[in-house]
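The values are calculated or read from the model by the stated rules, or taken from the named source; none is laboratory data. Values in this document were obtained by computation on a predicted structure and should not be read as measured data. Glycine also receives a Cβ, built like all others from the backbone with ideal geometry; neighbour counts cover every protein chain displayed. Just so you know, the surface numbers come from the protein's heavy atoms only, side chains and all, with ligands and any DNA or RNA stripped out. Shrake-Rupley method; radii C 1.70, N 1.55, O 1.52, S 1.80 Å.
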Amino acid sequence: MGLLAFSVALAVALAIGFAVWRKWIAPWKDVARLADDIVESRPPRKFLISGNSQARRVGLALENLTDRRRELEQRVREGELSVQAVFGAMLDGVVVVDDLRRVRLMNREFRRVFEIDEDVSSGTLLELVRHGSVDRLVMEAIRGGEPKRESIQLSRGASEGREMEVSAVPLGENSAQMEGAVVLFRDVTHLRKVEEMRREFVANVSHELRTPLSIFRGYLETLLDDPHQPPGELLRILEIMERHSDRLNALVEDVLSLARLESPGAELDLSEVDLPDLLHSIMRDWEKRFAAKQLKSHLNFPGNLPLLQADESRLQEVIYNLLDNAVKYSQAGGTVFLRAEIEGERVRISVTDQGVGIPKADLPRIFERFYRADKARSRELGGTGLGLSIVKHITQLHGGAVEAESEPGKGTMISVVLPIR
């Protein structure tokens, strides 16, 4: 009996122990493992815990927490991708800094502008930009809580300096509890050059108009003061006024032509141009001009010149302008050469003179509006200063390029290279 009673008691004790383990110990061990999996970012084996209602509720709560965490992580990833996409697509340099001007985020253009390696991901703005004005501007924006803007000059080594417009915008109150600023770097070098070109253009046009208009005014006052001029003097005055009237008309025509060429809607009337016929026709038109300056002319081109797809009237304007320059700057007895030759899928048309030539330092600028290597001589010869600029624009509209070679005292060759198609 004693052994039986002991066996029954042991069995009851084991049953009670198993029941306690199953209801109170095993479920909470499962909860502990579940919590460890969540903390270590491992996928849990199960969320449904049996044997204890409280442990089951904790397991379900952890499941909801895990789902919420996954959702938040997905949103964060999407947000990061959106920020990276926006930053990467921006053409301006952008950087985010904190209140100590430490860089927290920068885009690809910012790295390119300031030559920052891809492995550099942190540092202060001053260390990366190396410009005290930028650091001061950002500090003022953060402290004052207002956007700031300033232009700075950047120079890197031997490269040409650039002008950057820097805008610093302080972060808002709800910016992840971080004080700082978003700094935008915009390269305005080209815009400043365009503005300078516009100012120079207006100044040059004003100057070119003022000279003949002043002459007109002077001679008109002379005629009004004394209408009864001797016939010889009157003829001289009228000839001078006619010459400056022609100069004014040429200037206005060139300015209008250049404006049309530079407008966004500039178009070409393309057709199949027989280049040999066009060149022969142009040389016949210029025979009197050559003879008046006592110049010889020479036309040279191969017999297999293809038909050129171009705007014939514009192409004629290009060659006229090149010949006009060649005649103006040639000495009596010299020769003007007009050549055409095939270069692969392109045709090169060049005009060469034996005139005064152009200094090497001036060659890169001769296609700019109103640029003259010898200003006094150019005005004396009656040029508007726009001919080569018109040549450049017409050539570029055709998809071609202009080139210039010169040697002072020996002459100049200006070439236009045009695609055949």
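Quick notes on this structure:
- In the structure shown, the pairs Lys288/Lys410; Lys288/Lys360; Lys193/Lys296; Lys193/Lys293; Lys293/Lys392; Lys193/Lys410 are assessed against 30 Å; a Cα-Cα span above that value is assigned to Lys288/Lys360; Lys193/Lys296; Lys193/Lys293; Lys193/Lys410.
- Ranked packing of 274-280, 103-109, most packed first, by mean Cβ within 10 Å: 103-109, 274-280
- About the Cα centre, charge dipole magnitude for the range 266-313 (Lys/Arg +1, Asp/Glu -1 at Cβ), debye: 620
- The range 259-327 shape via C-alpha gyration tensor axes, a/c threshold 1.5: oblate
- Each of the peptides 387-398, 182-193 was scored by the mean count of other Cβ atoms within 10 Å over its residues; in descending order, highest first, they stand as 387-398, 182-193.
- Inter-label distance for Arg149 and Asp225, nm, one decimal - labels placed 7 Å from Cα along Cα-to-Cβ: 5.4
- Ordering Pro276, Ala250, Ala266 by Cα displacement along the dipole of the range 237-293 toward the positive end leaves Ala250 in first place; charges were set at the Cβ atoms of Lys, Arg (+1) and Asp, Glu (-1).
- Rel. contact order, % - alpha carbon contacts under 8 angstrom, at least six apart, the range 165-239: 19
- Computed over protein heavy atoms with a 1.4 Å probe, the carbon and sulfur contribution to the accessible area of the range 221-268 reaches 56%.
- Of the GluC sites (Glu not before Pro) found in the range 248-292, the ones in coil according to DSSP and having at most 14 other Cβ atoms within 10 Å of their Cβ are Glu267.
- Label zone of Ala332 (point 7 Å out along Cα→Cβ, amide N under 15 Å): in the range 291-325 this covers 291-296.
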